[in-house]
Amino acid sequence: MSRFWNTKTRQIEPYVAGEQPGNPSEWIKLNTNENPYPPSPAVTEAIMNELYAGTDMDSEKVGNRVLKVSNTVLREVGDVLRFYPNPDADDFLEAICERFSLRREQVFAGNGSDEILAFSFIAFWDRDRPVMAPAVSYSFYPVYADIFDIPLKRVPMTNGLEVDVDGIISGDGGVVIANPNAPTSVALTLHDIRRILDSRRNEVVLVDEAYIDYGGESAITLLPEYENLLVVRTLSKSYSLAGMRVGFAAGSPELIEGLRRVRDSFNSYPLDRLAIAAGAAAIRDIDYFEESREMVLSTRARTAAELCSLGFRMPDSSTNFLFVTHPDHAAKDIFMHLRERKMLVRYFNKPDIDNYLRITIGTDKEMDLLVSALKEILAEE
Ligand code: PMP
């Protein structure tokens, strides 16, 4: 505690992000749902092109070799960074509109989807306009509710890990829901999302689709029917851009305008120049996206089968992670044994899920190493 902190800062319980070790290459890092594959080569090219903008150099010809030897080149390349980026991340949002058949007034870009979630809590709910979320869901939701003084009703799960759709429908206030859900990995059907939207015509229903590319159906197709729907997406997972911080939202023009009002009360330029270029290139390279997604899906199926044969249990995953528990071994112990072997998975010391591990799908090789380590750990314990 510091005497300089105000009451709010003293009281909040900040979100605890998964561990980010100094040199990720020394670890098998399966704890924060990053993509095991690099972004599309078109992304790196777009970043280079952005740095070369305004010079008369040809980025493809110059490349890394020259960058190392010439200070003059270094000074010139990157000159464009003197200028503020486009406040509406135009190029990125144009790529989004094209890809998802949306209009510009239906989309919004943010510095990661976390920023858009925070803006949404400020824009759509307050002390007199509460919000509901499933009890086991993304742990940032209660943190936002808390810091912005919004009552959050957490609806208990059914059968342990399933979202209680009827429980949500019978309540009132706004709704924030991750679909597929995290950390449980389970997706709701579009039919259920529709039922929630129908029950709340005058409240915003935010559907956080961070993992939708790995399973479930996107609610983006429902936008023409529901003015109260806001779909929030990230490029951190299926587009391999966690390090760039790029997210977007799609919704009715009045919701998007609400987000813009909040954004322009904080920071008019949430996406920097390189993030805009990278995000646009990633969205446009559909073939690369499909390829890396397929690889993750096939590794997921193989890993799930192997973990089941070791006695682990898990719901069917619609995400790029598995949420596993073992009837004979405590999740916390397994987590610590893996950590000693420089393998990071996510353990949540929270009610209802404290005997589960969330394991991100890595490359086939990483998952083979994980499975061998788990075999040893289960045999030793
Ligand atoms: N929503 C969910 C459900 C997530 O798991 C995450 C990743 N931690 C996010 C949103 C945030 O993603 P980002 O800020 O990287 O876009």
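List of remarks:
- Here the helices (runs of 4 or more DSSP H) wholly within the range 225-330 that include at least 2 residues being within 19 Å of the chain's Cα centre (by Cα) and within 18 Å of Leu30 (Cβ to Cβ) are 286-309.
- When the test is whether a residue is assigned by TED's automatic domain parsing to the domain that holds Arg358 and modelled with pLDDT of 95 or more, Gly215 does not pass it.
- Condition check for Thr221: polar (S, T, N, Q) and not in a loop (DSSP other than H, G, I, E, B): yes
- Selected residue [within 15 Å of the ligand (Cβ to nearest atom) and β-branched (Val, Ile, Thr)] from Val246, Val262: Val246
- Condition met for Ala187 (closer than 16 Å to Arg233 by Cβ and surrounded by fewer than 24 Cβ atoms within 10 Å (Cβ to Cβ)): no
- Restricting the range 143-152 to residues that are within 15 Å of the ligand (Cβ to nearest atom) and free of Cβ contacts under 8 Å to residues at least 60 places away in the same chain leaves a set whose member that is surrounded by the most Cβ atoms within 10 Å (Cβ to Cβ) is Tyr144.
- Being more than 16 Å from the ligand (Cβ to nearest atom), in contact with a Gly (Cβ under 7 Å, 6 or more places away or on another chain) and in contact (Cβ under 8 Å) with a residue 12 or more places away in the chain is a property that Val155 has.
- First in the range 166-179 and assigned by TED's automatic domain parsing to the domain that holds Tyr226, second anywhere and within 16 Å of the ligand (Cβ to nearest atom) and modelled with pLDDT under 95, Cβ under 9 Å, 6 or more apart: Asn179/Gly216
- Counting only residues that are touching a helix residue (DSSP H, G or I) at 6+ places or on another chain (Cβ under 6 Å), more than 14 Å from Pro36 (Cα to Cα) and of a type in the set (A, V, I, L, M), the range 346-372 holds 2 of them.
- Filtered residues of the range 278-332 (kept if touching a residue at least 60 places away in the same chain (Cβ under 8 Å) and among the basic types (Lys, Arg)): Arg284, Arg293, Arg300, Arg302
- Filter result for Thr360 (within 27 Å of Ser40 (Cβ to Cβ), surrounded by 15 or more Cβ atoms within 10 Å (Cβ to Cβ) and in contact (Cβ under 8 Å) with a residue 24 or more places away in the chain): yes
- Count of residues meeting criterion [within 16 Å of the ligand (Cβ to nearest atom) and either at positive phi or out of contact with any helix residue (DSSP H, G or I) (no Cβ under 8 Å at 6 or more places or on another chain) (or both)] in the range 97-137: 6
- Total residues in the range 159-170, condition in contact with a strand residue (DSSP E or B) (Cβ under 8 Å, 6 or more places away or on another chain) and at pLDDT 95 or above: 4
- Restricting attention to the range 93-142, the residues that are small (Gly, Ala, Ser), out of contact with any Ser or Thr (no Cβ under 8 Å at 6 or more places or on another chain), within 29 Å of Asp172 (Cβ to Cβ) and part of a helix (DSSP H, G or I) add up to 3.
- Which numbered condition Asp164 fails, given (1) more than 10 Å from the ligand (Cβ to nearest atom); (2) crowded, with 17+ Cβ neighbours inside 10 Å: (2)
- Within the range 363-381, the set of residues being surrounded by 21 or more Cβ atoms within 10 Å (Cβ to Cβ) and within 21 Å of Arg293 (Cα to Cα) comprises Met367, Leu370.
The values are calculated or read from the model by the stated rules, or taken from the named source; none is laboratory data. Note that this is a predicted model, so its numbers are computed, not measured. Counting neighbours? That spans all protein chains shown, and the Cβs are built from the backbone with ideal geometry, glycine included.
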